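Report on one structure; see the data block that follows.
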Protein chains: 2
Amino acid sequence: MDHTTAEARLLDAADALFYERGIQAVGMDAIRQASGVSLKRTYQLFPSKEHLVEAVLRRRDRAIREQISAYTSARATPAERVLAVFDYLYDWFGQPDFRGCAFINSFAELGPASANVVDIVRAHKQAVADHLAALVAAAGRSPALAAQLLVLANGAMVTAAIVGSPEPARDARAAAQRLLDADPAT
Amino acid sequence: MDHTTAEARLLDAADALFYERGIQAVGMDAIRQASGVSLKRTYQLFPSKEHLVEAVLRRRDRAIREQISAYTSARATPAERVLAVFDYLYDWFGQPDFRGCAFINSFAELGPASANVVDIVRAHKQAVADHLAALVAAAGRSPALAAQLLVLANGAMVTAAIVGSPEPARDARAAAQRLLDADPAT
DNA sequence: GCAACCGGAGAACGAACGTTCTCTCGATGT
DNA sequence: ACATCGAGAGAACGTTCGTTCTCCGGTTGC
């Protein structure tokens with residue numbers, strides 16, 4: 001197994017385990033078993049568990065932003081592109097292994113102890129907020145609306161995770177639709 | 001120190017430490033030091049750390065619901081009582097030790113490992129949702145609006161925690177105001 | 001064929017933590 | 001005054017975990 005596939009296997013295994021069980025609950029040995037990469041190799045690629053956690057979060061940040069872009073860019077009108085964010089959420093929440101937003105979860109678990117994790121989580125949420133703000137601006141709506149829609153999106157993630165249902169995405173989408181209607185294009 | 005004050009000191013110290021540093025990051029010895037209650041007494045009152053965690057969450061559930069009731073019942077009209085929930089959030093987020101919602105954080109940290117914690121978190125969010133639904137119904141609005149406002153409230157909590165600002169409460173309140181306006185009383 | 005090296009498996013190590021135990025002291029009842 | 005009980009301080013125990021080390025087998029270059 002070469003360098004890059006070992007790294008990919010590690011990131012895949014760690015990402016899945018961290019998301020499913022929580023970061024602190026997953027030992028390095030579980031990652032070794034799931035990835036098939038020895039501990040020695042693992043510590044050559046990532047000098048500590050925290051480095052691995054940060055790499056996992058950074059990769060997930062890129063993947064999520066690409067997914068959101070795929071959803072929004074597939075729609076025809078600016079308003080539809082805004083609402084597509086909430087369709088993305090609904091599809092995500094319906095996946096059987098959905099356990100909430102990994103960034104919100106990591107922030108809750110490691111925020112008090114790890115400034116690096118806080119920075120990564122903040123950067124991710126800021127990037128999503130920027131994307132949403134661009135879509136809202138393209139639809140001719142106000143920045144205030146973008147802030148409101150970000151709150152709706154984050155709220156849908158935690159509410160869906162806790163109640164164990166994808167419906168909060170529909171609630172958030174309905175609210176977003178009404179807010180779009182109530183914030184007429186300039 | 002008698003039975004009940006020892007219990008109160010333990011719950012106070014554990015609640016503050018769990019909220020500030022996360023549950024898994026706080027050892028029983030830190031709780032002993034902060035509370036002044038010996039480990040022996042602690043284990044007589046709470047047979048395990050998990051029992052203590054659950055007691056802390058249940059007490060916080062009661063306290064938060066009382067605070068919300070105090071905010072909402074102080075307003076004159078049904079619509080104002082709905083919006084008072086978001087004023088409560090703004091005041092809460094502005095407190096210097098604000099670190100997000102303890103229930104959302106506990107769910108993220110212990111949800112995969114503790115079904116009891118999941119039950120307590122779900123019950124808390126359901127109780128808040130019920131309260132909100134009653135206020136919305138009293139204002140003559142639809143249950144769908146109540147679901148949307150719950151998403152807004154939860155989203156304000158996580159967004160404010162991550163960005164480190166109370167402003168998301170204002171964003172959520174503005175959205176709630178518009179949604180109330182767009183959902184006219186029956 | 002052989003020696004040198006790289007990587008894997010798993011033991012080992014040190015720290016942290018939840019929980020229990022020991023020892024001692026002070027209070028209480030008679 | 002004295003015996004008894006309960007509680008506190010802190011050591012101790014067993015486990016888990018992050019990280020490192022050891023040993024060994026296979027591969028590669030001559």
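Between A:Thr186 and B:Ala25, the modelled labels are 4.2 nm apart [label points 7 Å from Cα along Cα→Cβ]. Axis between A and B by rotation; chain A residue with nearest Cβ and distance in whole Å recorded as A:Gly155, 1.
In the protein assembly as shown, what percent of the accessible surface is made up of carbon and sulfur (1.4 Å probe, ligands and nucleic acids excluded)? Can you show the working numbers first?
Details: 8430 of 16320 Å².
With neighbouring chains kept in place, the figure for the protein assembly as shown is 52 percent.
When chain B is treated as a Gaussian network with alpha carbon springs shorter than 10 Å, the biggest mean-square fluctuation among B:Ala63, B:Ala76, B:Ala123 belongs to B:Ala76. Compute the Cα gyration tensor for the protein assembly as shown, then decide on rounded, prolate or oblate, letting a ≥ b ≥ c be the square roots of its eigenvalues: rounded whenever a/c is under 1.5, prolate when a/b is larger than b/c in the other cases, and oblate in all that remain. It is oblate, given that a/c is not under 1.5 and a/b is not larger than b/c. Rg and Dmax over the alpha-carbon atoms of chain B stand at 18.2, 59 Å. Computed from the Cα positions only, the extents of segment B:1-47 along the three principal axes stand at 28, 16, 15 Å, in decreasing order. For A:Lys49, the accessible surface of its heavy atoms amounts to roughly 60 Å² (probe 1.4 Å, protein chains only, rounded to the nearest 10). Rolling a 1.4 Å probe over the protein heavy atoms gives the protein assembly as shown an accessible area of 44 Å² per residue. For the options A:Leu135, A:Leu110, A:Leu149, a Gaussian network treatment of chain A with springs between C-alpha atoms closer than 10 Å singles out A:Leu110 as fluctuating the most. Residues in segment A:4-10 carry Karplus couplings, in order, of 6, 6, 4, 5, 5, 4, 4 Hz; the curve used is 6.51 cos²θ - 1.76 cosθ + 1.60 with θ = phi - 60°, and Gly or Pro positions show x. Have a look at B:Ala146, B:Phe46, B:Val117 and report the one farthest towards the positive end of the charge dipole of chain B, computed about the Cα centre with Cβ charges (Lys/Arg +1, Asp/Glu -1). After comparing all options, I get B:Phe46.
Mean partner shielding of peptide B:174-183, defined as the number of other chain Cβ atoms within 10 Å of each residue Cβ, is 5.
Would you work out if segment B:111-186 is rounded, prolate or oblate? Take a ≥ b ≥ c from the square roots of the eigenvalues of the alpha-carbon gyration tensor; rounded if a/c is under 1.5, else prolate when a/b is larger than b/c, oblate otherwise. Spell out each step's value before the answer.
Numbers: a/c = 3.45, a/b = 1.33, b/c = 2.59.
Since a/c reaches 1.5 but b/c is at least a/b, the shape of segment B:111-186 is classed as oblate.
Could you work out the local net charge near B:Ala84, counting Lys and Arg as +1, Asp and Glu as -1, over the other residues with Cβ closer than 12 Å to its Cβ? Each step should come with its number before you reach the end.
Details: positive: B:Arg75, B:Arg81, B:Arg173; negative: B:Glu80, B:Asp87, B:Asp91.
Residues near B:Ala84 contribute 0 overall.
Counted by Cβ distance under 11 Å from A:Leu135, the other residues give a net charge of +1, where Lys and Arg count +1 and Asp and Glu count -1. Shown in residue order for segment A:117-124 are the 3J(HN,Hα) couplings computed by the Karplus curve 6.51 cos²θ - 1.76 cosθ + 1.60 at θ = phi - 60°: 4, 4, 4, 5, 5, 4, 4, 4 Hz (x for Gly and Pro).
Buried surface between chains A and B: roughly 3100 Å² of accessible area, summed over both sides, computed with a 1.4 Å probe on protein heavy atoms only.
The values are calculated or read from the model by the stated rules, or taken from the named source; none is laboratory data. Only a predicted model underlies this, so the values are computations on that prediction, with no experimental measurement involved. Counting neighbours? That spans all protein chains shown, and the Cβs are built from the backbone with ideal geometry, glycine included. All accessible areas refer to the heavy atoms of the entire protein, side chains included, with ligands and DNA or RNA removed. Shrake-Rupley method; radii C 1.70, N 1.55, O 1.52, S 1.80 Å.
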